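Encoded as structure tokens, the structure appears first; notes follow it.
The values are calculated or read from the model by the stated rules, or taken from the named source; none is laboratory data. All of these numbers come straight from a predicted model, not from anything done at the bench. Note that each Cβ is placed from the backbone with ideal geometry, even for glycine, and that neighbours are counted across all protein chains shown. These area figures cover heavy atoms from the full protein model, side chains too; ligands, DNA and RNA do not enter into them. Shrake-Rupley method; radii C 1.70, N 1.55, O 1.52, S 1.80 Å.
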Amino acid sequence: MSQDNAQHSISNRIRSLHEAAPSESGSTRIRVFGVLIPRQTTMIAIGGAINTGLMIGAGNALSKAGPAAIVISYTTVGIVVYLTLCALGEVAAWFPEPSTAVDHAIRFCDPAVGFTLGWSYWLKYLVVTPNQLTAAALVISYWLDAEDVNPGIWVTVFLVVISSVNYWAAHFIGPYEFALSSFKILVLFALTVLSVVIALGGGPDHDRRGFRYWSDPGAFASYGEHALVGKLQAVCKTMPSTIFAYLGSELLGMTMLQTGNTPKAAGRAIKLTFYRILIFNIVSVTLLGMLIPYDSEDLAFASNASKPTTVSVFVVAIRMAHIPTLPSILNACFLLFVLSAANQALHMATQTIRGLSQEQKAPSFFSRTDSRGVPVYSLGTCAILASLAYLNIYNDSKVLFGYFVNIITMFSLLTWISILITHISFVRARKAQKVPDSALAFRAPFGACGSWVALMSCILLSLMRGLDVAELATHPEAFDYMALITSYVAVPLYLFLVIGYKVVTRCKSVKPAEADLWTVTTIRERHDTKPKSPKRDDRALAEQDQWLWNRFVAAWLL
């Protein structure tokens with residue numbers, strides 16, 4: 001009888017939680033992109049995944065490893081990120097109001113992990129901004145070589161532009177990102193169709209390439225005398241670029257905060273959206289491996305690169321097919337995409353440090369705003385730190401781009417690890433408090449087992465990067481100590497933040513039986529953003545939903 005009463009009590013608590021209306025805190029939270037409808041959320045998430053990692057990083061990976069290696073790495077990392085996002089979706093869908101991965105870590109795992117996750121996210125996007133500015137300088141070099149125009153000039157121009165946009169037009173970033181993401185998807189779809197046509201001999205040269213380059217020069221770049229070990233080394237060399245290509249997938253976790261839809265729909269969006277991201281990436285790199293040999297001199301990151309080169313691997317493919325005019329047009333589109341990514345990264349970094357300040361996890365002045373509501377101190381600090389891109393003046397832009405990718409890659413892995421540990425803690429809490437799987441609005445397809453597999457894979461991916469660095473150490477003349485430092489500097493920073501927070505606050509890990517599964521109000525609340533009128537929001541969303549462009553482009557996404 002007592003067991004039946006306990007089950008009845010749990011059922012009532014679950015029903016009360018799911019029937020609860022979102023608290024007022026949900027309307028006062030910082031909205032990174034403004035109020036969004038589900039289609040816009042999905043579009044921005046997919047558009048964010050079509051980023052510098054795919055447009056530029058794929059060429060770097062191809063030149064180092066070969067076509068088969070990048071298909072293997074993109075598929076492997078794609079599966080890991082899918083499991084990670086599903087884990088995030090299961091926890092987020094438990095609550096009837098928007099929440100973040102930081103909220104989840106504080107509530108179910110350890111406050112120190114939540115604190116560190118927030119700062120790691122800020123540090124990652126702080127590095128992404130100069131990385132994108134460096135990429136923009138590389139894209140410009142297609143028309144004006146760095147020997148003719150110093151890259152520092154372009155960094156200055158672009159940094160002023162994105163800083164101005166974040167100050168004067170911050171409230172319009174959501175609609176802008178939605179429109180640009182729609183354009184990105186159209187461009188990539190057109191490139192996919194064009195790539196298929198070229199591979200089948202429909203280009204001006206009528207050369208039917210097929211999988212010719214998988215045989216000559218080969219599917220894998222040559223490393224060492226042992227074939228199997230050489231292939232493993234080739235795959236290891238692609239990992240930083242591959243993980244960087246999936247960076248935009250995490251944007252879905254942030255844009256979930258902006259949707260007015262239910263958590264169940266947010267969980268479904270995570271599942272369906274990532275299918276599309278995975279397909280975009282895998283299909284794109286497979287086609288690129290069919291169109292370009294990995295030893296081509298036209299690849300900017302190749303050791304035997306010719307002059308002039310372009311960092312965009314898609315532009316290389318079109319040039320090799322002897323299609324006139326289109327390479328310059330496509331390069332201009334990529335420049336727009338890169339600048340958009342830089343603008344988005346600066347915006348994310350600004351809002352993240354502002355949120356940390358409001359939670360008293362960063363200096364209070366970061367949350368101060370001017371009369372227009374812009375967090376000027378947060379924006380100014382992030383813009384100043386983005387000046388790291390001026391290292392272009394002293395280093396080859398391609399080398400600097402690689403260093404930034406190394407840092408971002410490790411921060412991304414640590415972010416994924418934190419999300420997976422939090423999901424495992426959430427599952428343990430549910431079991432300890434006898435909450436059945438049937439109570440979940442959205443359940444990760446592989447449950448805690450999938451999170452454990454993804455967690456072990458993330459650790460393995462970080463070690464695979466170490467194998468690449470260790471291989472360089474056997475050749476002292478080729479060893480790059482900066483590659484080693486940038487590959488692993490995030491790890492001691494992460495551990496320092498976790499241990500430091502626990503020492504200062506003396507917080508303890510959350511025990512599964514004591515985890516708060518039932519409080520509706522989220523841990524993090526934003527109090528300085530004025531809530532808009534619900535009627536006004538509903539009317540605006542209805543007008544956006546009727547927009548022909550929105551329906552034409554995005555209707556197939558959900």
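Does F365 satisfy being under 30 Å from L497 (Cα atoms), at pLDDT 85 or above and part of a helix (DSSP H, G or I)? The answer is yes for F365.
If you go through segment 500-513 and keep only what is assigned to a helix (DSSP H, G or I) and either in contact (Cβ under 8 Å) with a residue 40 or more places away in the chain or over 13 Å from F115 (Cβ atoms) (or both), you end up with Y501, K502, T505, P512, A513. Among the residues of segment 367-385, those that are closer than 19 Å to L123 by Cα and open to solvent by 20 Å² or more (accessible area, probe 1.4 Å) comprise S367, V376, Y377, G380, T381, I384, L385. Annotation note: Cβ proximity below 6 Å between a residue of segment 408-428 that is touching a residue at least 60 places away in the same chain (Cβ under 8 Å) and of a type outside the set (A, V, I, L, M) and a residue that is open to solvent by less than 10 Å² (accessible area, probe 1.4 Å) and not in a helix (DSSP H, G or I) (sequence gap 6+ or interchain) occurs for no pair.
Within the bounds of segment 163-177, is there any residue that is over 30 Å from Y377 (Cα atoms), surrounded by 18 or more Cβ atoms within 10 Å (Cβ to Cβ) and not acidic (D, E)?
Initially, segment 163-177 is screened for residues over 30 Å from Y377 (Cα atoms), giving none.
Scanning segment 163-177 turns up no residue that is over 30 Å from Y377 (Cα atoms), surrounded by 18 or more Cβ atoms within 10 Å (Cβ to Cβ) and not acidic (D, E).
Can you name every residue in segment 403-421 that is closer than 21 Å to W154 by Cβ and open to solvent by less than 20 Å² (accessible area, probe 1.4 Å)?
Residues of segment 403-421 closer than 21 Å to W154 by Cβ: 403-405, 408.
Those that are closer than 21 Å to W154 by Cβ and open to solvent by less than 20 Å² (accessible area, probe 1.4 Å): F404, V405, I408.
Of the set (1) buried (at least 24 other Cβ atoms within 10 Å of the Cβ); (2) at pLDDT 85 or above; (3) not β-branched (V, I, T), all apply to L159 but (1). From the list I459, I424, the lone residue that is modelled with pLDDT of 85 or more and open to solvent by 20 Å² or more (accessible area, probe 1.4 Å) is I459. Quickly run through segment 138-184 and pick out the residues that are in contact with a Lys or Arg (Cβ under 7 Å, 6 or more places away or on another chain) and of a type in the set (V, I, T). Answer for segment 138-184, where residues must be in contact with a Lys or Arg (Cβ under 7 Å, 6 or more places away or on another chain) and of a type in the set (V, I, T): there is none.
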